[in-house]
Amino acid sequence: MKNRKILSLCLALVMMFAFSSCTNNSGQTTESTDDKQAEKTESKDDTKDTKDSKDNKESEEDDKKSEEDAKDEKDSKDESNKEVKGSGVVNLYTTRHYDSDDELYAKFEKETGIKVNVVNEKKAGALIEKIKSQGDSVQADLFITADAGNLANAKMEGILEPVKSDVLEKNIPEKYRDLDSEWFGLTKRARIMLYSKDRVTEEDLKGLDYSTLVTNPRWEDKVLVRGSSNIYNQSLVASFIKIMGQEKATEWVKGFVATFARPPQGNDRDQALAIKEGLGDLAISNSYYYGKLVNDKDPESKYAGVADVVGIYFPNDDKNGVHINVSGVGLIKKAPNKENAIRLMEYLSEVPQQEQFSSANYEFPVNPEAQMSELLKSWLDAQGITELKEQDINLSALGRYNYDALEIMTLEGWDK
Ligand code: FE
């Protein structure tokens, strides 16, 4: 019995020990697991911290970056606010590259304190793309280019915004403005004829206009002109579609192609040069190029002496009139400096600037109050023209019929 008691006691002790050991072990294990877990967690936390700190760093950098972005944005906003408030800037995108234009912008800057930033591009299409690529954060305020066809294209591409301005409406006759006021002509040019002073007689010139040019056998294989890809020619044909309809315009192009002295090539002045070289007797050219030829005093120039043997002729047809085109300006949609931009548009339409355009670049003013230059007057006087009879169309038509014009020219073999 005593042994059983001792055995029970031992058993109890063993169990207690075992329990206690188990508990301890378990506790220790737990602790160790916990520790490990804790360590793991800590180390994980460390890693997390490290990652967090990396994240923080990145995020700091991001913050820094976004702070910089915000600063840039703020700066550019401040800048544009500054510009909008007219303290001031106007960003002018143009395909014209004349010193005389720059002089006008410098004069505007001096008189108004508004700085004109000029961005140049040779081709109107490339300039339109540049403006379109600016999207909603557009920098451009004004678009200036030659030819109503190009201006109409800018309108069609959706980069222009209508302008309501009493000054522009007063200074620029309706026919030289877009019907929706999205662009305004600034200078006029006529698409005229240049002729060989040696080979073309007064008799040849009598009654000469665009129509008789293609019906009189005198001009068969004698006419020089540039290619159909040129907008000036497309606009010329577009004006005929507007005036005489598609069918008659097609007939005209067919007849005109038959007068070509050579496959179309070169620019307008190159046609005058070809007259000097005896390759043809008559050329189609914009009027201001004759002014450039007359004043080309560079003996090294390939055009030197061309104006001595080439004359200018205005097809001042009473019925259909001379083909007139413009260089013009449009306000860019969402222009950041709209107020300044409109101010410059109006400035360029005023008499002194109009007269400067005319004298410096041999163009005609669109503002009827402005005088054309003495040189231009002398050309008209020589032909006994007191008033130039212009085609009676709104120049918006040149854009409207541009596609049809090019199609006719292609089908009738203009470039062959
Ligand atoms: Fe030109």
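Readers should treat all values here as calculations from the given coordinates under stated rules, not as data from a laboratory. Fair warning: this is a prediction, and the values are worked out from it, not measured in the lab. Cβ: placed from backbone, ideal geometry, glycine included. Neighbour counts: every protein chain shown.
What the table below lists for this structure:
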| item | result |
| --- | --- |
| Mean Cβ neighbour count within 10 Å, used as a protection proxy, ranking 342-349, 404-411 highest first | 342-349, 404-411 |
| Gain in span if fully extended, M156 to S301, counting 0.36 nm per residue against the direct Cα distance | 48.3 nm |
| Computed label-point distance, nm, for sites K319 and E111 using a 7 Å Cα→Cβ extension | 4.4 nm |
| Charge sum, other residues only, whose C-beta stays under 12 Å from I408's C-beta, Lys/Arg counted +1 and Asp/Glu -1 | -3 |
| Rg to Rh, two decimals, where the stretch 88-234 supplies the alpha carbon set and Rh follows Kirkwood | 1.07 |
| Theoretical FRET efficiency, 1/(1+(r/R0)^6), r = Cβ-Cβ of E203 and E374, R0 30 Å, to 0.05 | 0.55 |
| Sequence ranges 285-293, 204-212, ranked by mean other-Cβ count within 10 angstrom, highest first | 285-293, 204-212 |
| Cα radius of gyration and Dmax for the stretch 200-283 (Å) | 12.8, 36 |
| Theoretical gain in end-to-end length, Y98 to D180 [0.36 nm per residue, Cα-Cα removed] | 26.7 nm |
| For the stretch 270-344, the fraction of alpha-carbon pairs in successive 5 Å shells from zero, as % | 3, 12, 18, 14, 12, 10, 9, 10, 9, 4, 1 |
| Highest average packing first - 317-329, 300-312, 217-229, Cβ atoms within 10 Å | 317-329, 217-229, 300-312 |
| Estimated distance in nm for a label pair at E251 and K389, the labels positioned 7 Å out from Cα along Cα-to-Cβ | 2.0 nm |
| Residue-span extension gain [E277 to D136] - 0.36 nm each, minus C-alpha spacing | 45.6 nm |
| Binned Cα-Cα distances of the stretch 263-416, short to long, each 5 Å bin given as a whole percent | 2, 7, 12, 16, 18, 17, 14, 9, 4, 1, 0 |
